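Before any comments, here is the structure.
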Amino acid sequence: MQIVDVRAHPSKDQLPREDQLAWKMAEVAADSVEVDAETTDMIINRIIDNASVAIASLNRGPIKTARAQAKAHHRHGGATLFGMPADFGVAAEWAAWANGTAVRELDFHDTFLAADYSHPGDNIPPVLAVAQQMGKNGRDVIRGIATGYEIQVNLVKAICLHEHKIDHIAHIGPSASAAIGTLLGLDREVIYQSIQQGLHCTVTTRQSRKGEISTWKAFAPAYAGKTAIEAVDRCMRGEGAPSPIYEGEDSVLSFILNGRTARDQGKSPYEPTYHVPLPAPGEAKRAILETYTKEHSAEYQSQALIDLAFRMGRDIEAKGGFDAVKSIVLHTSHHTHYVIGTGAGDPQKMDPKASRETLDHSIMYIFAVALQDGEWHHVRSYAPERAQREDTVRLWHKISTTEDPEWTRRYHSHDPNEKAFGARVVVTMEDGTVIEDELGIANAHPFGARPFGRDEYIGKFLTLTDGILAKEESDRFLDLVQRLPELEHLDLLTLNPVAPDGYLEENGLKGIF
C-alpha cells in the first residue's frame, strides 16, 4: 500500500494534479490489475446480500416511490429493477436510484467502520446498472465493484466526515464514480474529473441521521450512486470538475473538514491532516475482504450487542425478570455512545412512537427488545405494537450508554485482532444483584463465533425472500450469480430477481415525472 498525505493548499501552490488525492484514486481505478479469486468470491456474496435485503423491502414506502420515479424513465436497452421483469429497462441512473434505495432501506447489508462509517455495498447498484446499459459482462462488473470497495474503504479508514456533521455518502460519490470508471475502462483523466464531481455533488449533512430520522436515510446512498453515474456521463463528454476537490483553498478539506477546524483554533489551515492508504500500481484490490455484513437488521454497532442481549436476557429472567431491573449501562465506544446511544441527546431515541429509521438508531430500544425476545426480526422487532409495549418501554427507559476509552481505542484499532464494535454491559437489579457481560464483535463477523460464508449469505437470501420469490426464481438467481465471472451481457440483464405477477405494490401518488 501507498500512503497519500492530503492537506489543504492555497491556490498559489498550484498543486500538481499528480499530487492530488482524486488523481491518486483515479490511478487506482485505471489500473487494470486482475481481481483475485478470494475477492471475486466475496463480491458474489455481497451481490447475494444486496438482493436479499432489496427483495425483502420491495413493497416498503421508499422503494415504491423510487421505483415509480425510475419507471417514469423507461429506456429500451437500459438497466433493470429489483422485482421487475428483465424486459423492462430504465435509464441506468434511475435504476441505480431505485435499486440502491431498495438495498439500503432495511439497514441490513454490509458495513465497514473505521474513522467513519460506510455501507460499501452501496457501490454495487450503480455499477450493475451501468454495466447492463453499456453492454458489459460479469468480469467487468467484478472489476468495477472491487474498485468501489477499495476506494470507499480506504477513504473511510482515513477521513472522518461525521465529526464535521457531514454524511458518509460523501465517500460514496467518489468511490462509485471510480468504480464506474473501472467498469467502463475509462482513462485516468476522465475518472479523475468524475471523482471530483462525484464528491462535490454529494457533500451533505448528517441531519439525515439525527433527530426524527426520515425515509431519506434509505434514499441518500442511492442519490450518491445516481449522482456518480451522471458525473461520469458528463466527464465522458469532456466536462471537468472543481479542482483540486479535496485540497483546494475553498474546497472540502479547507472549509468543511479538518482545515476548517484548524482555522477555528487559530492554526494554519494548510497543515497536513489526512493520510489515505491506496493500493500501489499493480497491487490487487482486496478491501472488500475487510468489510462485514449484518446478521440482524439494525445499525452495525448494535450487531454484537444484539448477540450479547440474547444471552444476557436469559440471565436476567433467571434472576427476577425484566421488571426487577433497576438500570442497564452499556460501556461502549465514542461512536456508539454519541450516534445511537444516550450521548446523542436525541429524545426521539426513547420515543415509543418514533419511526423505524429512528428506532434503528437507538441502541437503548434495540437492546431492550433483543433482551426480551431473544431474537431480532427485520419487521416484527420494529412494529409499532412492539415498540409501544408497556413492559418494553419501562425496560428501554432504564438503559443508558457511556463512553469507555478502551472501547473507543479498540473501535479505532488498526489491528484486526483488537478492533471491536461492542460493549461491556452492566445490569443492576433492584435487589442490588449485578449481571455483567461483554462482547466485542458480532457472531457473523469474520472473527466472530459464526462467521458468514457462502452458505450463510444464501441462507440470509432464502430467509428474507421466503414467501416473496417463487422457488424457481430463487434457484435461478442463485445459480446465475454464482457464475458471475463467466456471465455475458445478456445474463447480466437477468441478475436482479423478479417478483411474482401481482406482488409489487405501486405508489399511487402523482409527482412530476
Evaluate the charge dipole of the chain about its Cα centre and quote only its size in Debye, nearest 20, assuming +1 on the Cβ of each Lys and Arg and -1 on the Cβ of each Asp and Glu.
1000
Would you list, by chain and number, the lysines whose Cα falls below 26 Å from the Cα of Lys398, excluding same-chain residues fewer than 8 positions away?
Lys210, Lys319, Lys326, Lys349, Lys353
Quick one: Cα centre-to-centre distance for the stretch 380-402 and the stretch 126-148, in angstrom?
43
Just report the Cα centroid separation between the stretch 164-207 and the stretch 429-482, whole Å.
31
For the chain, calculated [θ]222 nm from helices alone, where every DSSP H run of n ≥ 4 adds -39500 (n - 2.57):
-13000 deg cm²/dmol
Take every DSSP beta bridge with both residues inside the stretch 300-439 and express the antiparallel ones as a percent of the total, to the nearest 5.
70
Quick check: convex hull over the Cα atoms of the stretch 300-439, volume per residue in Å³, rounded to an integer?
99
Considering all alpha-carbon pairs of the stretch 137-187, what whole percent are spaced by more than 16 angstrom?
42
Taking Cα atoms only, Rg over Rh for the stretch 74-115 with Rh from the Kirkwood formula is 1.14
Inter-label distance for Glu239 and Ala318, nm, one decimal - labels placed 7 Å from Cα along Cα-to-Cβ
6.4
May I ask you to derive the FRET efficiency for His162 and Asn417 from their Cβ-Cβ distance with R0 = 30 Å, giving the value to the nearest 0.05?
0.75
Give me the one-decimal nm value for the distance between modelled label points at Ser327 and Trp216, 7 Å along each residue's Cα-to-Cβ direction.
3.6
Kindly identify the stretch 1-151 as rounded, prolate or oblate by the Cα gyration tensor criterion: order the square roots of the eigenvalues as a ≥ b ≥ c, call it rounded if a/c is under 1.5, otherwise compare a/b with b/c, prolate if a/b is larger, else oblate.
prolate
Selection of trypsin sites (Lys or Arg not before Pro), the stretch 291-399, meeting DSSP coil and at most 10 other Cβ within 10 Å:
Lys353
Would you mind calculating the gained length between Glu436 and Gln14 on full extension (0.36 nm times residue separation, minus the Cα-Cα distance), in nm to one decimal?
146.2 nm
The chain: C-alpha gyration tensor shape, a/c 1.5 cut-off, then a/b vs b/c:
oblate
What are the trypsin sites (Lys or Arg not before Pro) within the stretch 405-513 that DSSP puts in a loop, where the Cβ has at most 15 other Cβ atoms within 10 Å?
Arg483, Lys510
The FRET efficiency for Lys510 and Leu480, from their Cβ-Cβ distance with R0 = 35 Å and rounded to 0.05, is 0.45
Among rounded, prolate and oblate, which fits the stretch 180-260 when a ≥ b ≥ c are the square roots of the eigenvalues of its C-alpha gyration tensor, a/c under 1.5 means rounded, and a/b larger than b/c means prolate?
oblate
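Each reported figure results from applying straightforward, stated rules to the coordinates on display, with no laboratory input. Values in this document were obtained by computation on a predicted structure and should not be read as measured data. Counting neighbours? That spans all protein chains shown, and the Cβs are built from the backbone with ideal geometry, glycine included.
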